[in-house]
Amino acid sequence: MNRPDFSPYRRTMVGFDRLFDLLENQRGAGSGDNYPPFNIERRGEDAYRITVAVAGFKPADIEITAQQNLLVVQGKKGDEASASQFLHVGIAQRGFERRFELADYVRVESANLEDGLLVVDLVREVPEAMKPKKVPVGTQKTLAVVNDTSSSEAA
């Protein structure tokens, strides 16, 4: 498999280091563990939803950590002593950790666990100072020279 070379772009694009690092690191991420399965959904211009299938997990078994540009969802099954003796275990209940890289200004709005699905709603809130603004084009004012009459009167 050919590895993309981002060095020509790194030389001319300032401030995109994080993006190039993410692209380079994601190459090997596709072959990893696919447990638990998840969906990522765009629900509007600035709204997203991540749905993770976590059958058998309780809210107390799940930990969600949101930090700048990273969302980590972890599941840890408690040590529950079961009197049952399973003949077949087809529902995976092992611990997991899922990491989601978030764009700038994306924050977690809510997280709910219902019917074996963990739903995490995200929203992008760009600060007012970072939003594009229209700059009105007006006529350029001509500068006028101000004569200092106080110095000529004193002479």
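We did not get these values from a lab; they are worked out from the coordinates using the rules stated. This is a predicted model, so every value here is computed, not measured. Cβ coordinates were reconstructed from backbone atoms using ideal geometry, including for glycine residues, and neighbour counts include every protein chain displayed.
A few notes on this one:
- Simple point charges give the picture: +1 on the Cβ of Lys and Arg, -1 on the Cβ of Asp and Glu, and for the stretch 42-130 a dipole about the Cα centre of about 340 debye.
- Sequence ranges 117-123, 99-105, ranked by mean other-Cβ count within 10 angstrom, highest first: 117-123, 99-105
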